[in-house]
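Here's the structure, in structure tokens; my notes come after.
The values are calculated or read from the model by the stated rules, or taken from the named source; none is laboratory data. Note that the structure is predicted; figures quoted are calculated from it, not measured. Don't worry about glycine lacking a Cβ; one is built from the backbone with ideal geometry, like all the others, and counts go over all protein chains shown. We work out accessible area using only protein heavy atoms, side chains counted, and drop any ligands, DNA or RNA first. Shrake-Rupley method; radii C 1.70, N 1.55, O 1.52, S 1.80 Å.
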Amino acid sequence: MFHAPNGLQRDRLPEASREPEPVRDTIATTATSVTAASATAAKATTASGAAAEPAKRRDAYFDNAKYLAIVLVAVAHAWEPLMDGSRATRAAYMFVYTFHMPAFIIISGYFSRSFTARPDQLKRLVSGVVVPYVVFEVAYTLFKRWADDDPDYPFSMNDPLYLTWFLIALFVWRLSTPLWRSVKWPLAIALALAAIGTLTPGMGQSLDLQRILQFLPFFVLGLSMKPEHFQMLRRREVRLLALPVFAGAAVFTYWAAPDVRMGWFYHSSSAVELEAPWWTGPLMTLGLFVCGLVLTAAFLAWVPRRRTWFTVLGAGTICGYLLHGFLVKSLDYLGLVAQHPWLAEPAGEIVVTLAAAAAVTLFCTPPVRRALRFATEPELSWAFRRDVTELSGRAAGASSRTSR
């Protein structure tokens, strides 16, 4: 039994408190390379010759949501090396893990609704997802070899390292979009596939297929959503209801934190691999889907609808997602927590939390996004036919005008 006044006393916690590095397991986060394309036609010039009004802006609500979600991803990752022995930190970690990636994935699905596998869409999928995956899979492998003193750690394109799993998952999900838009009961089918995944040991060792299946229902749900669904979340009564939902979830996670295996929240293992009866896999799939959906709705209900100082950062979340992992892994590989024990104390946890939020904010800024464009948004016209390149160029030009 824990006796932790104010959640600050530390005791020994169960194993599996953090995501395992073997099998190159990763933690989500995030997030992501999702961009919200909006209308691009400028209003007609007036008869007096006045300049045309600017093109319609990106939806600030979704940019705000993506930025806030990526901050939660980075902060939760930063808590991972600190939570052993702290019931409060473990509970906060579990609480955030329930919905931070589901929120990102639902938004990703929502903005994938128009994907029909046209040649120009495939070109953008390669440049915006495949290339970043290859570049950062190599980068994270080299970083592990150096920082973790493991010079023989292998390169592998079919075994995502750390958070690169989300890119390969997004690639698979988006390619499957036309299928999900065509079948009846897509969400029920996706939930069934996710449940089957929990009954299949060893599947996560190739392309992190376990995660691809177990997170699939959230992507399919996003595909099925319409603008009016997000409008419903913005109602005042929904926002007020979100407060007791968050409070109740926080109390529950604090109560359950010592006994729940964190492996369930990573969605990277089968029930047998988590040393649980096989039938718990489908039950946990449904239970975590419902919990993730409810908390995601509560989170989205409180996302600001207006433009704020961080709205512009929503367009650079892929940079924040891919870069913050180097800082987080430094805590682990370099043994910084062991060298500086105060980091695992309450004051140190606050410092780490603020540092993670500040770092991921910096990584999302336009200058960083421009500096990393060669890896996250490369120009690949040389690799595609001219007609495909021209079509993609028109779409990219429209997107850049609306994001200014």
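Quick notes on this one:
- With 5 Å bins from 0: P(r) over region 243-350, alpha-carbon pairs, percent: 2, 8, 10, 13, 16, 20, 18, 9, 2, 0
- In this simple spin-label model, placing a label point 7 Å from the Cα along the Cα-to-Cβ direction at both THR280 and GLN339 gives a separation of 3.8 nm.
- Where labels lie 7 Å past Cα in the beta-carbon direction, separation of TRP146 and ALA192 in nm: 4.9
- If you wrap region 156-277 in the convex hull of its Cα atoms and look at it from every side, the mean projected area works out to 9.7 nm².
- Distance between modelled label sites at ALA250 and THR365, nm, 7 Å Cα→Cβ extension: 3.1
- Rounded if a/c under 1.5, otherwise prolate or oblate - region 206-259, Cα gyration tensor axes: oblate
- Gain in span if fully extended, ARG373 to ARG306, counting 0.36 nm per residue against the direct Cα distance: 21.4 nm
- Summarised as an ellipsoid, region 168-208 has semi-axes of 20, 15, 5 Å, derived from the eigenvalues of the Cα gyration tensor scaled by 5 and square-rooted, with the largest first.
- Taking amide H as placed 1.01 Å from N in the peptide plane, SER86 has its amide H under 5 Å from the amide H of ASP11, each at least 5 places away in sequence or on another chain.
- Where Rh is the Kirkwood radius over Cα pairs, Rg/Rh for region 81-207: 1.02
- Once Rg and the Kirkwood radius are both taken over the C-alpha atoms of region 264-303, their ratio Rg/Rh works out to 1.13.
- Of LYS123/LYS144; LYS66/LYS329; LYS66/LYS226, those spanning more than 26 Å from alpha-carbon to alpha-carbon: LYS123/LYS144
- With all protein chains in place and ligands, DNA and RNA left out, the 1.4 Å accessible area ranks ARG306, ARG181 as ARG306, ARG181, largest first.
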